[in-house]
Protein chains: 2
Amino acid sequence: MKKALILHSGGQDSTTCLVWALSKFAEVETISFDYGQRHRIELECAEKIAKEVGVKNTVIKVGDIFSQMGKNALTDTSVAIAESGHEKNKSLPTTFVPGRNLFFLTIAGSFAYGRGIHDLVTGVCQTDYSGYPDCRDDTVRAMESALRKGMDYDISIHTPLMFLTKADTVRIMRDHGKLDLLKYSHTCYEGARPACGKCPACVLRLRGFAESGEKDPLEYATH
Amino acid sequence: MKKALILHSGGQDSTTCLVWALSKFAEVETISFDYGQRHRIELECAEKIAKEVGVKNTVIKVGDIFSQMGKNALTDTSVAIAESGHEKNKSLPTTFVPGRNLFFLTIAGSFAYGRGIHDLVTGVCQTDYSGYPDCRDDTVRAMESALRKGMDYDISIHTPLMFLTKADTVRIMRDHGKLDLLKYSHTCYEGARPACGKCPACVLRLRGFAESGEKDPLEYATH
């Protein structure tokens, strides 16, 4: 009975990973992180989606850890969201929290160890990674190695979306007959429900659907 | 002006790393983790030691993150401290929190990034690592690689004590004329001040001093 733990942000990519994992593993559960994100709706979406497919979701509360490490637009409302212009590296968006996925993977790995789970699944994607270095394949492989050695435990990090386009990701959901589940997922950077349809995240999502020839079941304010 | 960030637990090894770093780097600061450890005295010791040598210490509050990941003797008083008998792996002590050092290193790395620091120093030691796999050199090197790739940032993790004995560690302090600083460090698993002198941690510390031919400046209840 192989069991997988899916890192679930409440977004389109992790929802797709969840559906992918349900087809590959005998048992599945999800883990979400409450890090004081400015859009609490993400956590509600993760819970709702887990419930829809009948899996257990655990929310790990990490407090204001990211703001203790430094300012960023994901948690600090005084920082504007911009596609580039990060204080240290102008090519990175202001939403960049250095090492954020390493942090999530480390906690997920430790949590998995405690439950006897050997397979993590995360929706990180190199194709449209917006400059986030911790979404790249070589980073994930290095982190996998650190977890294996650091816990002396056999653990694998699956990244089924790593080299896919957004359109490919839409097709996975279509092929599993689960497109409709994406109406519960959250993508909008503005935190809006219905989604704004105009922010970079909404635009990327809508473009993926357009390219795949499928209709996004999510409700949009303008579209 | 090279600056280093020392992970400081308040213990003997990290105090030695701090003294080592002060001799190697132009600027030094320390970082400690408040994870609800059962012995709060460790954090007070880290603060006191930083103050004694005139460096800035930052306490990162990570809340009850380890107990959210699973039971362990470091934070959960219902779990007895034992040198072996960990639930999943009987060869590991009950104080084992899987991936704890990976977690600390990830946060320290992110914090260092925010402050433009490229050098981390940690007192992990393979020689007497008590079965903790995240104290081994290969783990630290894997984590260093994950941090470099994941933050796209040049960062090194220095582990000056990795292959030293406890006696060697004592000699570093002696050679720097800083033995006396160790009276502020905390080692005792029982959290006692004066230290109990009987728990495995005290015994290991005292043996190191005995082998080095130096006297431990720490106050002990029995000795």
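Which number comes out as Rg/Rh for chain B once both Rg and the Kirkwood Rh are worked out on C-alpha atoms? Don't skip to the answer; put the middle values down first.
On the way: Rg = 16.6 Å, Rh = 17.7 Å.
Radius of gyration over Kirkwood radius for chain B works out to 0.94.
At a 1.4 Å probe radius, which order do B:Arg148, A:Arg207 fall into by accessible area, largest first?
Largest accessible area first, the list is A:Arg207, B:Arg148.
So if I place +1 on the C-beta of Lys and Arg and -1 on the C-beta of Asp and Glu, and nothing else carries charge, what would the dipole magnitude of the protein assembly as shown be about its Cα centre? I want it in debye, nearest 20.
Charge dipole of the protein assembly as shown: 140 debye, to the nearest 20.
Mind checking how much accessible area B and A bury in total, 1.4 Å probe, in Å² rounded to 100?
Buried area between the two chains comes out at roughly 3000 Å².
I'd like the accessible area for B:Asp152, computed on protein heavy atoms only with a 1.4 Å probe and all protein chains in place. Round to 10 Å², please.
90
Which whole-Hz ³J(HN,Hα) couplings does region B:187-196 yield from phi under the Karplus relation 6.51 cos²θ - 1.76 cosθ + 1.60, θ = phi - 60°, glycine and proline marked x?
So the Karplus estimates, Gly and Pro as x, are 10, 3, 5, 7, x, 7, 10, x, 5, 5 Hz.
Treating only the Cβ of Lys, Arg, Asp and Glu as charged (+1, +1, -1, -1), what charge dipole size does chain B show about its Cα centre? Round to the nearest 20 debye.
That gives chain B a dipole magnitude of about 80 debye.
Shortest first and in nm to one decimal, what separations exist between B:Thr58 and its copies in the other chains, measuring from label points 7 Å along the Cα-to-beta-carbon line?
2.9
So if I restrict to the alpha-carbon atoms in region B:122-178, what is the Rg, and what is Dmax, the biggest pairwise distance, in Å?
Spelled out, the Cα radius of gyration and Dmax of region B:122-178 are 13.5, 39 Å.
Using a Gaussian network model of chain A whose springs link C-alpha atoms within less than 10 Å, name the residue from A:Pro194, A:Pro160, A:Pro133 with the highest mean-square fluctuation.
Fluctuation is largest for A:Pro194.
On the accessible surface of the protein assembly as shown, probed at 1.4 Å, how many percent belong to carbon and sulfur atoms?
Result for the protein assembly as shown: 48 percent of the exposed heavy-atom area is carbon or sulfur.
In Å and from the alpha-carbon atoms only, list the Rg and Dmax of region B:1-62.
11.1, 38
Calculated from DSSP H runs of 4 or more alone, at -39500 (n - 2.57) each and per residue, what is the 222 nm mean residue ellipticity of the protein assembly as shown, nearest 500?
The per-residue figure over the protein assembly as shown is -12000 deg cm²/dmol.
Place the label 7 angstrom along Cα→C-beta at A:Thr222 and in each other copy, then list the distances from the first to the rest in nm, shortest first.
7.6
Considering every residue in A:111-120, what mean count of other chain Cβ atoms within 10 Å of its Cβ is obtained?
Shielding by partners across A:111-120 averages 3.
Please list A:Glu219, A:Glu144 in order of solvent-accessible area, largest first, computed with a 1.4 Å probe with all protein chains present.
Result, largest first: A:Glu219, A:Glu144.
With a point put 7 Å past each Cα toward its Cβ, work out how far A:His118 is from A:Val203 in nm, to one decimal.
4.5
How big is the dipole moment of region A:21-67 about its Cα centre under a simple scheme where the beta carbon of each Lys and Arg is +1, that of each Asp and Glu is -1, and everything else is neutral? Debye, nearest 20, please.
The dipole magnitude comes to about 40 debye.
For the protein assembly as shown, how big is the tail of P(r) above 34 Å, as a whole percent of Cα pairs?
Roughly 35 percent, once rounded to a whole number.
Measuring label to label, 7 Å along Cα→Cβ, what does B:Pro194 give against each other copy in nm, shortest first?
Computed spacing set for this position: 7.5 nm.
Counting only residues 5 or more places away or on other chains, whose amide H sits under 5 Å from the amide H of A:Phe25 once H atoms are built in the peptide plane?
none
Quick one: check the C-alpha center-to-center distance for region B:1-26 versus region A:170-206, whole angstrom.
47
Given all pairs of different Cα atoms, what value in angstroms does the Kirkwood hydrodynamic radius of region A:148-223 take?
It works out to 13.9 Å.
Say we join alpha carbon atoms closer than 10 Å with springs in a Gaussian network model of chain A; which of A:Ser185, A:Ser145, A:Ser14 then has the biggest fluctuation?
A:Ser145
Tell me, what ³J(HN,Hα) does each residue in region A:203-219 have, in order and in whole Hz, if you take phi through Karplus 6.51 cos²θ - 1.76 cosθ + 1.60 with θ = phi - 60° and put x for Gly and Pro?
For region A:203-219, the Karplus curve yields 4, 5, 4, 5, 5, x, 5, 4, 5, 7, x, 9, 9, 5, x, 5, 7 Hz.
The values are calculated or read from the model by the stated rules, or taken from the named source; none is laboratory data. Just so we're clear, the structure is a prediction, and the values are computed from it rather than from any experiment. Positions of Cβ are backbone-derived with ideal geometry, glycine not excepted, and every protein chain shown enters the neighbour counts. Side chains included, ligands, DNA and RNA excluded: accessible areas come from the protein's heavy atoms. Shrake-Rupley method; radii C 1.70, N 1.55, O 1.52, S 1.80 Å.
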